[in-house]
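The values are calculated or read from the model by the stated rules, or taken from the named source; none is laboratory data. All of these numbers come straight from a predicted model, not from anything done at the bench. Neighbour counts are summed over all protein chains in view; Cβ atoms, including those assigned to glycine, are modelled from backbone coordinates with ideal geometry.
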Amino acid sequence: MSERLEDIAQAMVAPNKGILAADESTGTMKKRLDSIGVECTGDNRRDYREMMFRTPVMAEHISGVILFDETIRQSAADGTPMVDIIKAAGTIPGIKVDTGAHALAGAAGEKVTEGLDGLRDRLNEYYTLGARFAKWRAVIAIGDTIPSQYCQNANAHALARYAALCQEAGLVPIVEPEVLMDGPHSLDDHFAATTLALQALYAQLAEQRVVLEGTILKPNMTLSGTECATQAGVEEVAARTVECLKANVPEAVPGICFLSGGQSDIDATAHLNAMNALGGLPWRLSYSYGRALQAAPLKAWGGRAENVAAAQAAFTHRARMNGAATAGAWSDEMENAG
């Protein structure tokens, strides 16, 4: 595999493939495992992730896997390093490197993501452990008087400093400015906040001398708020999201891998499919999904070895559906046939 940042980024958005976000913190994994009545031990976290990484569909439809610090250092039950299992599928290992969103000083209800202290050394270590890309997530909420420009700028600055350090270390940075869908806001409000987030991000990336050809954008789709009385349909979400991206994302960016952001499995697939069906896009549109790829296999697995085959089948189905959506080739019939 080439070590050029531009080549790694292109491989991350290869046709019919997307990214598996398996970078849940131990706290988040506890919630996931609690939901199926499984104790959150190191072995159980390992077994669950190993089950996905050993699924043959990885080679077909998963270009990269975002890992948590624990997982990139872990070995499977048979002693094989998790990173080696991922590489054997022709998939690129990646790593989450931020330390979470914390209250932004002087900005009630807003957050800024931290983790820049010591990041250069951590990135160099992750490179030696096999990572070839990294991820940093900013969290931007919508409210009566927020997001503020202050919050947008603070998060964009942190994302850009992280991205510059990644490229110095030989890692492709995934930059993720997530405008949350929680709340009663309209699709227009979400569109406006996402526009500001993207404008601030690309201004800061230019300021920090980040090479866009060696980056991946992981944005939210433009959606109606979860509590909004009027919910935009699939075609409107697709059209407005593409409109926002075309106005604010430089064509030098090789690919855009959407987060699912709390959407249902089917909605995340349908929206991605509708965007790709529009055609005429200057970048590849793909996925970097966590729950939208994992919810079904997690439920099917239930922490039991005898359920591994069923869980892998559920993961295979979701990966194939989203792989089809990257080409605008998904359909209800295909979904139900699985």
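Among the residues making up region 276-293, those that are crowded, with 24+ Cβ neighbours inside 10 Å and in a helix (DSSP H, G or I) are A292, L293. In region 319-338, the residues that are of a type in the set (S, T, Y) reach residues that are modelled with pLDDT of 95 or more and assigned to a loop (DSSP other than H, G, I, E, B) with C-beta atoms within less than 9 angstrom, at least six apart or across chains, in these pairs: T326/V13; T326/P15; T326/N16; T326/K17.
Considering only region 73-187, give the helices (runs of 4 or more DSSP H) lying wholly within it that have at least 1 residues that are of a type in the set (S, T, Y). Write out each step before concluding.
Working: elements: 82-88, 119-128, 149-168.
Correct list: 119-128, 149-168.
Could you please let me know if I95 is crowded, with 21+ Cβ neighbours inside 10 Å, under 16 Å from the mean Cα position of the chain (by Cα), closer than 23 Å to V172 by Cβ and not charged (D, E, K, R)?
Working: crowded, with 21+ Cβ neighbours inside 10 Å: yes; under 16 Å from the mean Cα position of the chain (by Cα): yes; closer than 23 Å to V172 by Cβ: yes; not charged (D, E, K, R): yes.
Yes; evaluated as a whole, the condition is true for this residue.
Inspection of region 122-140 finds a residue satisfying the criterion of being at pLDDT 95 or above, touching a Cys at 6+ places or on another chain (Cβ under 8 Å), surrounded by 15 or more Cβ atoms within 10 Å (Cβ to Cβ) and β-branched (V, I, T). When the residues of region 163-180 are filtered to those that are within 29 Å of G225 (Cα to Cα) and not aliphatic (A, V, I, L, M), the one that is surrounded by the fewest Cβ atoms within 10 Å (Cβ to Cβ) is E178.
Residue check: is H190 buried (at least 22 other Cβ atoms within 10 Å of the Cβ), within 21 Å of G290 (Cβ to Cβ) and either of a type in the set (G, A, S) or in contact (Cβ under 8 Å) with a residue 40 or more places away in the chain (or both)? Taking the combined requirement at face value, the residue satisfies it. For region 34-72, the tally of residues that are loosely packed, with under 14 Cβ neighbours inside 10 Å and either in a helix (DSSP H, G or I) or of a type outside the set (S, T, Y) (or both) stands at 7. Inspect all residues belonging to region 39-47 and state whether any of them is farther than 25 Å from T326 by Cβ and in contact with a Lys or Arg (Cβ under 8 Å, 6 or more places away or on another chain). Yes. Just one of the numbered conditions (1) surrounded by fewer than 18 Cβ atoms within 10 Å (Cβ to Cβ); (2) touching a Phe, Trp or Tyr at 6+ places or on another chain (Cβ under 9 Å) is not true of H271: (1). Of the residues making up region 164-186, those that are closer than 17 Å to A101 by Cβ and not aliphatic (A, V, I, L, M) number 5. Of everything listed in (1) out of contact with any Asp or Glu (no Cβ under 7 Å at 6 or more places or on another chain); (2) under 27 Å from A329 (Cβ atoms), the single unmet condition for N220 is (1).
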